[in-house]
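Report on the following structure.
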Amino acid sequence: MSADPPPPAPNTTILLEFLFRLGRAYLACGEQTAKVEKLLRLTAAAYGMRKTRVVALPTAVFIALHDRNGERVTLAESQPQLLRLDQMAEVYALGEEAQHARIDPRQGLKRLTAIRRQKVRFGPVGHVLGHVVLTVGLALILMPTSTNLAAAAVLGLIVGLLKLLSLGRSLLSVPLPVIAAGLVSALVFLAIGKGIPVDPLHALVPPLVTFLPGGMLTLGMLELAYGDMVSGSSRLIAGFVQLVLLAFGLAIGAIFTGYVPADLVLTTAGYAPSSWSPWAGVLVFGLGVYLHFSAPRKSFLWMTLVLLLAFAAQRLASGFFSSELSGFFGMLVATPLGYLIQYRFRGPPAVVTFFPAFWLLVPGALGLLSVTRILSDRAAGIDGLITVVYVITSIALGTLVGASLYRWLGENLGALHSRVWRER
């Protein structure tokens, strides 16, 4: 049987445009820069470009292609904002086709434009409702008292409406985290002033969880582990700045209502957590993420499975190890499971299933509370930030080891399967 003929060489200018726009899309999916470089080189090779150089940064892509007329070079900047989960799935599906040259670059450019313009799957109501649901789900995990759950629903609705107003408005998206944090903080302390028994420590985090840069901080640590010093350090700095802005908004909201930053970390005594509420919270949180981030079709069950198993691994590990190390075991389960679902069961891309696990493990929430403590107690805040470093490192290491574990299992199980088949 003769091999398939190589695809005709595309127009280099069009291919270069397609590659850098595909690279920007991968970066907007939160992909590691090293993997973006690898995927773009594979795509260029599929179209017959053998001498391709790619350098990816979190906000820029450099590409050099060689054709018969010489070298073509381009530089593309990238907006540092994430796509929704349904858009991520479309980007990875397009990338899979491009890596096998199954799509013309011109058609690929049209697909990328359509992905960018794609509207939220469940409409404005589903977008806002999803934010309310995921906020209540996280409150169920943290402190499921009746007043905290009611506060989570109200604050989740307000922040969801703010996020809806900022959709497609880049000018509003920059100050949005500070505005949302200040508004949430002011409302919480107004409620406390009226005698409503709301716990500020656990009421402030759930409505702001989608602003917390836990995934960015973890990815930055992961890239540093791979040796990408520029990308890793820039992501860590950007994540820390996001935390500082959120903490600043919380402090401003407290001050406007007559409180001081030290009141942000007060806790309510006498609370006894139940055994069922965290598990119900995971299910509710998964449903909220599915609605708010417009997860692709047929992904809810897979996403929920990853969330439950990652949460179970974290809870089990916390019984034997410190809480700082439990995130390692959560991502050690979530990462290979996400790849297994994608490649073995033809499910959604791994990024769709294990990104919500980053938000559930909430390393960013720990960082927010630590930065907030600095405003009132520097020693306690710095000690808390050291804890955050441990948490982020453990989650990044779990992601790294989990991906390696999946690769090792795939290679060995695949070889074993082939040997058994030959013996038959």
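What follows is calculated from the coordinates using simple rules that are stated; it is not laboratory data. The model shown is predicted, which means the values in this text are computed figures rather than measured ones. Because the Cβ atoms are built from the backbone with ideal geometry, glycine has one as well, and the counts that use them run over all protein chains shown.
How big, on average over all directions, is the shadow cast by the Cα convex hull of the stretch 293-334, in nm²?
Values: hull surface 12.6 nm².
Mean projected area of the Cα convex hull: 3.2 nm².
Say each of H66 and S173 gets a label point 7 Å from the Cα, pointing the same way as Cα to Cβ; how far apart are those two points in nm?
Distance between the two pseudo-spin positions: 3.8 nm.
Show the residues, 5+ positions off or on another chain, whose built amide H is closer than 5 Å to the amide H of D67.
Placed amide hydrogens put R72 under 5 Å from D67.
Efficiency by 1/(1 + (r/R0)^6): what FRET value for T74 and A114, r their Cβ-Cβ distance, R0 = 25 Å, to the nearest 0.05? Don't skip to the answer; put the middle values down first.
Numbers: r = 22 Å, r/R0 = 0.88.
The value I calculate is 0.70.
Calculate the FRET efficiency for L305 and H100 from the Cβ-Cβ distance with a Förster distance of 22 Å, rounded to the nearest 0.05.
Details: r = 29 Å, r/R0 = 1.30.
E between L305 and H100, to the nearest 0.05, is 0.15.
Counting only residues 5 or more places away or on other chains, whose amide H sits under 5 Å from the amide H of L82 once H atoms are built in the peptide plane?
For L82, whose amide H was placed from the backbone, there are no distant partners under 5 Å.
With no solvent and one point per C-alpha, what does the Debye sum give as log10 I(q)/I(0) for the stretch 1-156 at q = 0.13, 0.18 Å⁻¹?
-0.67, -1.01
Which far-off residues, 5 or more places away or on another chain, put their amide H under 5 Å from the one on A60, with H placed in the peptide plane?
S78
Using θ = phi - 60° and the Karplus relation 6.51 cos²θ - 1.76 cosθ + 1.60, list the HN-Hα couplings for the stretch 113-127 in order, rounded to whole Hz, with x at every Gly or Pro.
Values per residue, Gly and Pro as x: 5, 5, 5, 4, 8, 4, 7, 4, 5, 9, x, x, 5, x, 4 Hz.
What's the FRET efficiency of R344 with L57 using the Cβ-Cβ distance as r and R₀ = 30 Å, to the nearest 0.05? List each step's numbers first, then the result.
On the way: r = 33 Å, r/R0 = 1.08.
With R0 = 30 Å, the Cβ-Cβ based efficiency is 0.40.
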